[in-house]
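Report on the following structure.
The values are calculated or read from the model by the stated rules, or taken from the named source; none is laboratory data. Note that the structure is a prediction, hence the values are computed from the model and not measured. Here the Cβ positions follow ideal geometry from the backbone for every residue, glycine too, while neighbour counts run over all protein chains shown.
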Amino acid sequence: MDAKPIVVCTWNESQGGLTVGAEEALTLGRGVAGATGAKLRLLVLGPLPEAAMETAGRFGADAVDWIEDAALEAFSPDAYVEALAGYCQQESPALVLFNQAADTRLVAPRLAGRVGAGVVMNGVDVSVGEGGGLQATASAYGGDTQMVYELSGAPSYVVALSANALLPEPAEGGPTEPECRVISSDLSGVQERVRVIEQARAEGPRLEDADIIVSGGRGLGGPENYKLIEQLAEALGGLAGASRPIVDEGWVDSSQQVGLTGKITRPALYLAAGISGASQHMAGCSAAKTIVAINSDPDAAIFRYARYGLVGDCLEILPELIRAARQ
Amino acid sequence: MRIVVCVKEVLDPDAVNNYALAGRLEIGEDGKSLTQTTIPRLMNGFDEQALEAALRLRDAGVECRIGAVSVGPDTATILKHAAALGADEIAALPMDDPTPDYHVAAALLAAYIRSSGDADLVLCGRQASDDDQGVVPALICEALGMPLVTNARAIELAPAADEPTLRITRVTPDGDEVVEVSCPAVVTVSNELGEPRYPTAAKKIAARRMKPEIITPEGLSLPAETLRPRVVAQRQFVPTVAGDCEFVPGESPAELAEALVARLRQDSLIQ
Ligand SMILES: Cc1cc2nc3c(=O)[nH]c(=O)nc-3n(C[C@H](O)[C@H](O)[C@H](O)COP(=O)(O)OP(=O)(O)OC[C@H]3O[C@@H](n4cnc5c(N)ncnc54)[C@H](O)[C@@H]3O)c2cc1C
Ligand SMILES: Nc1ncnc2c1ncn2[C@@H]1O[C@H](COP(=O)(O)O)[C@@H](O)[C@H]1O
């Protein structure tokens, strides 16, 4: 009998592409499929993005499974969970991998609950353990620790990969030519139980997409000083972010929070002023290519992650940085 | 209406952070639990805010009975804290494993809710600050066939609805979204809800005398199948951070700033 397939689940994001992180999940899935002799499939819910077949091939998938249904056109947790549960019953995957975005949190653990699968979120790795079964590594305590979980005892597993778990790597030896299988589903009985009354409206560019981010934390001392962060961000052509305490204090809007329970960003440059570097904050910026930290405490944790460090009072340094950046 | 708030005891995450920063976070002989006995144990912060959300509904005039329930080895302290804050009933579901499987915890919580007279609203934290999983509420909602709304910053009763309906403002990466859902439902609460209240001294004293109702798996007559772990923690470790920080030299703020900008331009990170 064939090993049960490894499935990477994705859906169309508004830009018409695959969900962010699909390539990372395919990379990891390919490794697990290779190690267990299983097939790798890309499962697409809703409209098939133009890039799906090409991406699946480039990352070595054997098939693209496509569930098309009017109920899946826009994100709808009830319909998505139902469609996925039907798919799992029909195809019995060993592992369904998701990339972890806010929407995934509404789907992945519910799918596990619906079909009796085991679930691990915040995954950073899935591998074959010593006993031959799968094991997942996930971050805990915001990243202060990592936990290795043995995945045994359930018929299938659902794992969501943290945004920064690994880098995508196309298949060695060139692209495969995956077949496209249309999977039927009956979602006529599903009605979304959560009714949206007022849609979220993101205004302007998103931190997740920013190339340069300047963030401020409690070290700014007071809400009036956050304007220094905004001015420096503007001078550098970037966006302004924040740590959680100053969001909780109401200095800035929660949409600017970077971290485990805020935005997961991956800019080329992340400049943190007056931020201590707690794991839960770093979870949202440690994938930055270059981190710069300004902190008055030379022993602050943030310097362990930083490429460049400035020890000093950020209220004195930020105005000088704004000046220097504008020159 | 009946509101059940699921509360979990965790190690104080700030203390864990401090140990981690000092490089003194250690894993015990079992290879999977943190050993520092000096780290205080407390109610998961988001769960305290979930309870606060329930209390605010009551303050807003919603007639309700609020229960707090917890699965864990020794949950009396946080349950008494819940009572001091205003919970009417407290229930403990003992479980010894220091790193319990959250599928089992969710199965116990769902069975308790069903057997204790159901709930119109189940409130949870958005995630537990130890495992950060955020899956227990989803597993409960599936076990009970209820809808799930995550990351609430405000919960109120929708006006002029035929059946009890909640209007919930939820935090999303794209800003706030307002949704409505009919009861019963599972709702998770995020830190944007704001500061939870403190218990008054009188309520603390009264709560000290309250004993949680102890409910065993046998009492819930759960099939053994539901109590079988699905993900078993094998090992916990402290990942290393490779630091290579170059401290930018400079006597004055202006010198520091100029030196940094020069480096960032050299690295083509800024223009
Ligand atoms: C479950 C959970 C989820 C969380 N999620 C997030 C999250 O998503 N995002 C997040 O940010 N946090 C999050 N946190 C909180 C996190 O643990 C830290 O408490 C928080 O990141 C600290 O913010 P801070 O660095 O601004 O403040 P502090 O830790 O108070 O640090 C302030 C820093 O400023 C420095 N400083 C003071 N004065 C000056 C000055 N004049 N000039 C320069 N430096 C100065 C100090 O030396 C210190 O290092 C979460 C916590 C938990 C438990
Ligand atoms: N052992 C437990 N006892 C009571 N509630 C729990 C327990 N574990 C998780 N929860 C609830 O589920 C939420 C999410 O937990 P988790 O899925 O572990 O991140 C918590 O904030 C609690 O509200």
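Summary table below
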item: Single residue of A:V196, A:V128, A:V120 found to be crowded, with 20+ Cβ neighbours inside 10 Å and in contact with a strand residue (DSSP E or B) (Cβ under 9 Å, 6 or more places away or on another chain); result: A:V120
item: Segments classed as helices (runs of 4 or more DSSP H), wholly inside the stretch B:1-115, with at least 2 members that are more than 16 Å from ligand 1 (Cβ to nearest atom) and surrounded by 15 or more Cβ atoms within 10 Å (Cβ to Cβ); result: B:45-59, B:76-85, B:102-115
item: Criterion violated by A:V196 - all others in (1) touching a residue at least 12 places away in the same chain (Cβ under 8 Å); (2) at the interface with chain B (Cβ under 10 Å from one of its Cβ atoms); (3) more than 14 Å from the chain's Cα centre (by Cα) satisfied; result: (1)
item: Filter result (modelled with pLDDT under 90 and at the interface with chain B (Cβ under 9 Å from one of its Cβ atoms)) within the stretch A:153-175; result: A:G153
item: Failed criterion for B:Q127 (all others in (1) more than 7 Å from ligand 2 (Cβ to nearest atom); (2) buried (at least 24 other Cβ atoms within 10 Å of the Cβ) hold); result: (1)
item: Conditions (1) within 40 Å of the chain's Cα centre (by Cα); (2) more than 7 Å from chain A (Cβ to nearest Cβ); number of the one not met by B:V232; result: (2)
item: Pairs where the first residue, in the stretch B:4-20, is over 28 Å from B:G86 (Cβ atoms) and the second is in a helix (DSSP H, G or I) and more than 15 Å from ligand 2 (Cβ to nearest atom), C-beta under 7 Å, 6+ apart; result: B:N17/A:S279; B:A20/A:S279
item: Any hit, the stretch B:63-77, residues being modelled with pLDDT of 95 or more, within 11 Å of ligand 2 (Cβ to nearest atom) and out of contact with any Lys or Arg (no Cβ under 9 Å at 6 or more places or on another chain); result: yes
item: Any chance B:T188 is under 23 Å from B:G67 (Cβ atoms) and free of Cβ contacts under 8 Å to residues at least 40 places away in the same chain; result: no
item: Total residues in the stretch B:193-207, condition under 11 Å from B:A50 (Cα atoms) and surrounded by 15 or more Cβ atoms within 10 Å (Cβ to Cβ); result: 2
item: B:E156 vs. criteria of a type in the set (D, E) and closer than 17 Å to A:R114 by Cβ; result: no
item: Tally of residues being within 11 Å of another protein chain (Cβ to nearest Cβ) and in a helix (DSSP H, G or I) across the stretch B:178-217; result: 3
item: Matching entry among A:Q257, A:Q280 (being within 27 Å of A:A165 (Cβ to Cβ) and within 16 Å of ligand 2 (Cβ to nearest atom)); result: A:Q280
item: Test for B:D118: is it at positive phi and more than 10 Å from ligand 2 (Cβ to nearest atom); result: yes
item: Some residue of the stretch B:215-235 being within 30 Å of A:T265 (Cα to Cα) and buried (at least 19 other Cβ atoms within 10 Å of the Cβ); result: yes
item: Residue among A:D248, A:D209, A:D253 that alone is acidic (D, E), out of contact with any Gly (no Cβ under 6 Å at 6 or more places or on another chain) and more than 10 Å from chain B (Cβ to nearest Cβ); result: A:D209
item: Test for B:D118: is it touching a Ser or Thr at 6+ places or on another chain (Cβ under 9 Å), surrounded by fewer than 23 Cβ atoms within 10 Å (Cβ to Cβ) and charged (D, E, K, R); result: no
item: Any chance B:L25 is out of contact with any His (no Cβ under 7 Å at 6 or more places or on another chain), under 26 Å from A:I302 (Cβ atoms) and touching a residue at least 60 places away in the same chain (Cβ under 8 Å); result: yes
item: Selection from the stretch B:116-136 of residues that are within 14 Å of chain A (Cβ to nearest Cβ) and in a loop (DSSP other than H, G, I, E, B); result: B:R126, B:Q127, B:A128, B:S129, B:D130, B:D131, B:D132, B:Q133, B:G134, B:V135
item: Test: B:A87 is touching a helix residue (DSSP H, G or I) at 6+ places or on another chain (Cβ under 8 Å), more than 22 Å from A:T261 (Cβ to Cβ) and not basic (K, R); result: yes
item: Unmet criterion (only one of (1) under 18 Å from B:P196 (Cα atoms); (2) part of a loop (DSSP other than H, G, I, E, B); (3) within 14 Å of chain A (Cβ to nearest Cβ)) for B:P159; result: (1)
item: Residue under evaluation B:L227, criteria (1) within 14 Å of another protein chain (Cβ to nearest Cβ); (2) under 30 Å from A:I246 (Cα atoms); (3) in contact (Cβ under 8 Å) with a residue 12 or more places away in the chain, criterion not met; result: (2)
item: Search result, residues across the stretch A:57-109 that are acidic (D, E) and within 21 Å of A:D2 (Cβ to Cβ); result: A:D62, A:D65, A:E91
